[in-house]
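Notes follow the structure.
The values are calculated or read from the model by the stated rules, or taken from the named source; none is laboratory data. This is a predicted model, so every value here is computed, not measured. Cβ coordinates were reconstructed from backbone atoms using ideal geometry, including for glycine residues, and neighbour counts include every protein chain displayed. Only protein heavy atoms, including side chains, enter the accessible area calculation; ligands, DNA and RNA are left aside. Shrake-Rupley method; radii C 1.70, N 1.55, O 1.52, S 1.80 Å.
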Amino acid sequence: MAMHATDLGHALFKVLETGDPALAAEVVHAEFRNREAAVSPPACRIPGPAGVLASGAWLRSAFSDLRLPVTGIITGDTQVWVRLRMRGRHTGAFVLFKDQEVDQVVPPTGREIDFEQIHVLDLRDGKIIRHEAVRDDITMLGQLGVFPPGPAAGMRMLSWRVTGRAARAASEVTARAAEAAAALPHDTAV
């Protein structure tokens with residue numbers, strides 16, 4: 001039985017919070033594309049449920065107790081708009097990518113994040129086929145203490161880069177995302 005558009009919207013963010021491969025296969029279309037995956041590890045760009053599972057692993061590797069409570073949802077025949085808050089504690093390296101290469105590594109700060117996002121989900125065949133978002137990343141980076149850039153945060157990021165911790169963290173995050181993408185049951189893999 002196909003889910004209602006509202007349920008699909010809620011379920012996608014439950015997948016990101018939990019990494020549930022069965023739920024991912026149920027709600028994410030095999031041809032799913034994530035427009036926002038450009039700043040994520042390469043596995044997050046895999047089409048279909050595997051890419052969503054990789055994205056969730058990437059986020060959970062940086063933010064423990066990741067929560068994405070939905071605060072509003074609007075549905076149409078082929079689209080769902082979801083307003084939510086992203087919450088968690090920054091306990092792991094937050095690795096950002098650019099052109100499929102590591103761009104920045106924000107060392108764990110232990111700080112809480114809580115900021116708003118709006119997600120646009122396109123639907124086809126009773127599943128989510130496309131995702132794009134409007135996020136308040138400046139607020140998140142401010143909550144992490146890295147924007148505006150200050151000397152302490154800059155020195156910490158530089159220290160991580162010079163000592164190789166940034167490269168090791170990026171490698172671990174990339175591997176976790178790839179492992180999560182491979183977690184789909186074989187009969188649902190794309």
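When the chain is described by a simple charge dipole with +1 on each Lys and Arg Cβ and -1 on each Asp and Glu Cβ, the residue from Ala133, Pro42, Ala167 located farthest towards its positive end is Ala167.
Take Ile73: with every protein chain present and a 1.4 Å probe, its accessible area is about 50 Å². Accessible surface computed residue by residue for the chain, with neighbouring protein chains in place and a 1.4 Å probe, gives 50 Å² per residue. Only protein heavy atoms count here; on that basis, with a 1.4 Å probe, Trp58 has an accessible area of about 20 Å². What you get for the chain, charging only the Cβ of Lys and Arg (+1) and of Asp and Glu (-1), is a dipole of about 600 debye around the Cα centre. In the stretch 89-190 the Cα-Cα distances spread across 5 Å bins starting at 0 as 2, 10, 15, 18, 20, 15, 10, 6, 3, 1, 0 percent of all pairs. Taking a sphere under 13 Å around the Cβ of Phe115 and counting the other residues whose Cβ falls inside, with K and R at +1 and D and E at -1, yields a net charge of +1. These residues, Ser55, Ser64, Ser171, go from largest to smallest accessible area, 1.4 Å probe, as Ser171, Ser64, Ser55. In the chain, what percent of the accessible surface is made up of carbon and sulfur (1.4 Å probe, ligands and nucleic acids excluded)? Solvent-exposed carbon and sulfur of the chain make up 55 percent of the total.
Average projection, convex hull of the Cα set of the chain: 10.0 square nanometres.
Taking the Cα centre of the stretch 35-102 as reference, the dipole from Cβ charges on Lys and Arg (+1) and Asp and Glu (-1) amounts to some 280 debye.
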